[in-house]
Amino acid sequence: MSPVPLYTQIKEVLRSRIFNGTYQCHEQMPSESELTKIFGVSRITVRQALDHLQKEGLIFKIHGKGTYVSKPKIFQNLGKLQGFGEAMSGMGYEIVSQVIGKKIVPADKTVCLKLDVNEGELVYEIRRVRYLNSAPLSLDVTYIPKMVGERLIKEDLAHRDIFLILENDYGYSLGQADLQIESILADDVLSALLNVEEGAPILRIERLTFTTDNQPLDFEYLYYRGDALQYRLRIERAHI
């Protein structure tokens with residue numbers, strides 16, 4: 001017999017079905033009695049599994065009506081430097097990207113300062129819409145030096161994280177990143193790409209990633225739906 005408790009096994013199966021879209025957002029889940037028949041376990045075991053999913057925020061219950069799938073609000077830990085797909089895959093989510101643009105452009109003032117290139121120097125711009133369970137979650141606009149970008153635009157950017165390609169394929173060692181986070185309102189472009197109303201809240205992040213020898217390598221504007229993502233960070237109080 002498996003050392004993993006039955007309710008945990010059932011919870012993981014249901015969790016996986018929520019993540020892969022088998023159970024859609026706001027869809028009613030099978031009842032407790034139906035789940036006892038599906039899994040061949042007691043009602044108590046099913047209830048334990050559902051209680052844990054509710055604590056994770058994946059389901060909610062309406063008295064007298066049943067159990068429903070919550071709208072996913074995923075989180076990313078800011079204490080780690082990870083690509084978004086890399087972070088989400090570790091939590092069981094599947095992230096797919098649609099590449100909507102990749103071209104060489106002259107660096108504007110902001111990009112040249114961030115990547116330490118001359119103003120007007122050519123860099124590569126990559127635009128991707130990231131999807132969670134087939135729903136658009138973010139628009140990522142990435143700027144990469146020309147030498148790296150020439151290779152990067154040929155990669156499978158729909159299914160692979162840029163960070164992992166830079167490290168595993170190109171041999172770069174990523175060290176740290178500077179982040180700037182602010183709230184903006186969706187314009188007509190973000191509204192169409194992320195399927196939100198114009199004026200809806202958007203989390204806008206500027207992220208500049210450095211190699212371990214402190215060379216800027218990757219500069220991004222990340223636009224996340226305000227109703228779909230939260231960041232978490234543990235901080236310590238300084239003791240003098």
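Using C-alpha pairs under 8 Å with a sequence gap of at least 6, the mean separation divided by the residue count of the chain gives a relative contact order of 17 percent. Volume of the convex hull of region 147-197 (Cα atoms only), normalised per residue: 136 Å³.
The listed residues Ser70, Ser173, Ser183 rank as Ser183, Ser173, Ser70 when sorted by accessible area, largest first, using a 1.4 Å probe. Note: relative contact order over region 132-240, using C-alpha pairs below 8 Å and six or more positions apart, is 31 percent.
What longest range of the chain stays clear of loop-exposed GluC sites (Glu not before Pro) (DSSP non-H/G/I/E/B, at most 12 other C-beta within 10 angstrom)? By the stated rule (loop sites, at most 12 other Cβ atoms within 10 Å), 120-196. Computed with a 1.4 Å probe on the full set of protein chains, the accessible area for Asp188 sits at about 100 Å². Spread over its residues, the convex hull of the C-alpha atoms of region 77-228 is 114 Å³ per residue. Probing with 1.4 Å while keeping every protein chain in the model, the per residue accessible area of the chain equals 56 Å².
Split the accessible area of the chain by element, probe 1.4 Å, and carbon with sulfur accounts for 49%. Rounded to the nearest 10 degrees, the angle from helix 43-55 to the longest Cα principal axis of the chain is 30 degrees.
Free of any trypsin sites (Lys or Arg not before Pro) that DSSP assigns to a loop and that have at most 12 other C-beta atoms within 10 Å, the longest stretch within the chain is 155-233. Treating each Cα of region 111-154 as one equal point scatterer and applying the Debye formula with no solvent, the log10 of I(q)/I(0) at q = 0.18, 0.25, 0.34 Å⁻¹ comes out as -0.60, -0.85, -1.14. With each label modelled as a point 7 angstrom along the Cα→C-beta vector, the Glu119-Ile153 pair spans 2.4 nm.
The values are calculated or read from the model by the stated rules, or taken from the named source; none is laboratory data. All figures in this text were calculated on a predicted structure; none of them were measured in a lab. Positions of Cβ are generated from backbone atoms using ideal geometry, with glycine treated the same way; all protein chains shown enter the neighbour counts. Accessible surface is based on the protein model in full, side chains and every heavy atom, while ligands, DNA and RNA are left aside. Shrake-Rupley method; radii C 1.70, N 1.55, O 1.52, S 1.80 Å.
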